[in-house]
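Visitor: Input: one structure, supplied below.
The values are calculated or read from the model by the stated rules, or taken from the named source; none is laboratory data. Keep in mind that what you see is a predicted model, and the values were worked out from it rather than measured. Cβ placement follows ideal geometry from the backbone for every residue including glycine, while neighbour counts extend to all protein chains displayed.
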Amino acid sequence: MKVAGFSFVRNAIKFDYPIVEAITSVLPLCDEFVVVVGDSDDDTLALVNSIPSDKIRIVRSVWDDNLREECSVLAVETDKGLAAISPDVDWVFYIQGDEVLHEKYIPVVREAMQTYLGDRLRVEGLLFHYRHFYGSYNYVGDSRKWYRREVRVIRNTGELVSYKDAQGFRKKDGTKPTVKLIDACIYHYGWVKPVETMRSKIGYLHRFWSSDEQKLEDVQKEAQIFSYENHADSLALFTETHPAVMQERIARSNWPFVFDTRKKSKSLKVRVLDSIERLTGWRIGEYRNYKLLP
């Protein structure tokens, strides 16, 4: 069994992406790792080059800044990474620049890859649970606004491509891949960074969501007054351990954020739907990029 990992990144230092931790967290599973490094305003290329591993292969890229609808530029960059994977690879692990795999899940992922290796026609990918950290490393989002699962391991068949804003994958004909849910979790740290950096990131990324200049101007204004407190609807305390590769970064964090976990959404509809999910495990109206196998 041969496994490759891949990711893409641009302006990792400027926007405080834990790209080194992301890559390092999945390297133990991989025989090779492709990093698509976009044209950056900082030393992102040198940062990726500093990772001490001969498994890593860097692909230089120039982003098409004219792709300004639904953040499709992220899917384009993701597909560049997929295209660079060696043809003899069986499984591909996709990790985004703000995602990290806890080391305790490495045996789980490896076992699932081995278990379903021969089931090529039925199992096209592996589905992971998610924990979305928000505001600080002490809180996770626990409302339906956060997607709870996504595909991060796919077969290297050439049939799957990145979908829309690169959250998941679809077949080239637009149909959803069939996947198995495994008992492993991706830790998402995209909403944990100093508030000024968060404001800059929001303003920057929204330029790729729409070509409407007025809408972009409005978002830029909103980004400048963003605060974690005003955008959190429901959070829970995180009482487990973070991945080992994140410990140094967490120790350096120095911005204050305290949240009253008793606070819940003001929307009655959302509160009712959240209550149903907590009682039954069923998320009504959940968006899925995949077909879940029993």
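Visitor: May I ask you to verify whether residue 219 is touching a residue at least 40 places away in the same chain (Cβ under 8 Å), within 30 Å of residue 273 (Cα to Cα), hydrophobic (A, V, I, L, M, F, W, C) and not in a loop (DSSP other than H, G, I, E, B)? Talk me through it step by step, then tell me what you get.
Guide: Working: touching a residue at least 40 places away in the same chain (Cβ under 8 Å): no; within 30 Å of residue 273 (Cα to Cα): yes; hydrophobic (A, V, I, L, M, F, W, C): yes; not in a loop (DSSP other than H, G, I, E, B): yes.
No; evaluated as a whole, the condition is false for this residue.
Visitor: Every residue in region 77-98 that is part of a strand (DSSP E or B) and within 19 Å of residue 58 (Cβ to Cβ), please. Lay out the reasoning, then the answer.
Guide: Looking only at region 77-98, we keep the residues that are part of a strand (DSSP E or B), and these are 91-94.
Across region 77-98, the qualifying residues are 92, 93, 94.
Visitor: Hey, could you check region 224-261 for residues that are surrounded by 12 or more Cβ atoms within 10 Å (Cβ to Cβ) and charged (D, E, K, R) and say which is nearest to residue 165 (Cα to Cα)?
Guide: My answer is 233.
Visitor: Continuing with the same structure: Exactly one of (1) within 29 Å of residue 182 (Cα to Cα); (2) in contact (Cβ under 8 Å) with a residue 40 or more places away in the chain; (3) in contact with a Ser or Thr (Cβ under 8 Å, 6 or more places away or on another chain) is unmet by residue 238. Its number?
Guide: (3)
Visitor: From the list 291, 269, 215, 221, which residue is loosely packed, with under 15 Cβ neighbours inside 10 Å, over 20 Å from residue 140 (Cβ atoms) and modelled with pLDDT of 90 or more?
Guide: Working: 269 fails: modelled with pLDDT of 90 or more; 215 fails: modelled with pLDDT of 90 or more; 221 fails: modelled with pLDDT of 90 or more.
Result of the check over 291, 269, 215, 221: 291.
Visitor: While we're here: Could you please let me know if residue 183 is modelled with pLDDT under 95, touching a helix residue (DSSP H, G or I) at 6+ places or on another chain (Cβ under 8 Å), under 30 Å from residue 281 (Cα atoms) and of a type in the set (Asp, Glu)? Working first, answer last.
Guide: Values: modelled with pLDDT under 95: no; touching a helix residue (DSSP H, G or I) at 6+ places or on another chain (Cβ under 8 Å): yes; under 30 Å from residue 281 (Cα atoms): yes; of a type in the set (Asp, Glu): yes.
Taking the combined requirement at face value, the residue does not satisfy it.
Visitor: Something else about it: Can you tell me which residue is modelled with the lowest pLDDT among those in region 42-76 that are part of a helix (DSSP H, G or I), polar (S, T, N, Q) and crowded, with 17+ Cβ neighbours inside 10 Å? Can you show your working first?
Guide: Of all residues in region 42-76, those part of a helix (DSSP H, G or I) come to 44-49, 72-76.
Right, trim to polar (S, T, N, Q) and you get 44, 49, 72.
Those left that are additionally crowded, with 17+ Cβ neighbours inside 10 Å: 44, 72.
Values: 44: 98, 72: 90.
Looking at residues that are part of a helix (DSSP H, G or I), polar (S, T, N, Q) and crowded, with 17+ Cβ neighbours inside 10 Å, I get 72.
Visitor: Further question on the same structure: Considering every residue within region 172-187, establish whether at least one is farther than 27 Å from residue 19 by Cα, without any contact (Cβ under 8 Å) to a residue 12 or more places away in the chain and basic (Lys, Arg).
Guide: Within region 172-187 (the criterion being farther than 27 Å from residue 19 by Cα, without any contact (Cβ under 8 Å) to a residue 12 or more places away in the chain and basic (Lys, Arg)), the answer is no, since none of the residues qualifies.
Visitor: When region 1-41 is examined, which residues are found to be within 16 Å of residue 205 (Cα to Cα) and surrounded by fewer than 22 Cβ atoms within 10 Å (Cβ to Cβ)? Don't jump to the end; show me each part of the working.
Guide: Within region 1-41, the first condition is being within 16 Å of residue 205 (Cα to Cα), and the residues that meet it are 8-17, 38-41.
Within region 1-41, 11, 13, 14, 16, 38, 39, 40, 41 meet the criteria.
Visitor: Go through region 241-266 and give me each residue that's part of a helix (DSSP H, G or I) and of a type in the set (A, V, I, L, M). Before you say what the answer is, go through the steps one by one.
Guide: Looking only at region 241-266, we keep the residues that are part of a helix (DSSP H, G or I), and these are 244-252.
Within region 241-266, 244, 245, 246, 250, 251 meet the criteria.
Visitor: Go through (1) assigned to a loop (DSSP other than H, G, I, E, B); (2) farther than 26 Å from residue 181 by Cα; (3) of a type outside the set (Phe, Trp, Tyr) one by one and return the number of the condition residue 269 breaks.
Guide: The failed condition is (1).
Visitor: When you check residue 41 against the structure, is it over 18 Å from residue 168 (Cα atoms), more than 16 Å from the chain's Cα centre (by Cα) and free of Cβ contacts under 8 Å to residues at least 40 places away in the same chain, yes or no? Walk me through it before giving the result.
Guide: Numbers: over 18 Å from residue 168 (Cα atoms): yes; more than 16 Å from the chain's Cα centre (by Cα): yes; free of Cβ contacts under 8 Å to residues at least 40 places away in the same chain: yes.
Yes.
Visitor: Before we move on, is residue 150 crowded, with 18+ Cβ neighbours inside 10 Å, closer than 25 Å to residue 31 by Cβ and touching a Ser or Thr at 6+ places or on another chain (Cβ under 6 Å)? Let's see the steps before the verdict.
Guide: Numbers: crowded, with 18+ Cβ neighbours inside 10 Å: yes; closer than 25 Å to residue 31 by Cβ: yes; touching a Ser or Thr at 6+ places or on another chain (Cβ under 6 Å): no.
No: the conditions fail for residue 150.
Visitor: If we scan region 269-292, do we find a residue that is farther than 23 Å from residue 151 by Cα, in contact with a Phe, Trp or Tyr (Cβ under 8 Å, 6 or more places away or on another chain) and without any contact (Cβ under 8 Å) to a residue 24 or more places away in the chain?
Guide: Yes, that holds for at least one residue.
Visitor: From the set of residues in region 100-118 that are in contact (Cβ under 8 Å) with a residue 40 or more places away in the chain and outside any helix (DSSP H, G or I), which is nearest to the chain's Cα centre (by Cα)?
Guide: Here the answer is 100.
Visitor: Output the residue which, of all residues in region 77-97 that are out of contact with any strand residue (DSSP E or B) (no Cβ under 6 Å at 6 or more places or on another chain) and crowded, with 18+ Cβ neighbours inside 10 Å, is nearest to residue 19 (Cα to Cα).
Guide: Ranking the qualifying residues of region 77-97, first place goes to 96.
Visitor: If I go through region 251-268 residue by residue, how many of them are closer than 30 Å to residue 21 by Cβ, more than 25 Å from the chain's Cα centre (by Cα) and without any contact (Cβ under 8 Å) to a residue 24 or more places away in the chain?
Guide: At the first step, the residues of region 251-268 found to be closer than 30 Å to residue 21 by Cβ are 251-261, 263.
So of that shortlist, the ones also more than 25 Å from the chain's Cα centre (by Cα) come out as 260, 263.
Subset that is without any contact (Cβ under 8 Å) to a residue 24 or more places away in the chain: 260.
Result for region 251-268: 1.
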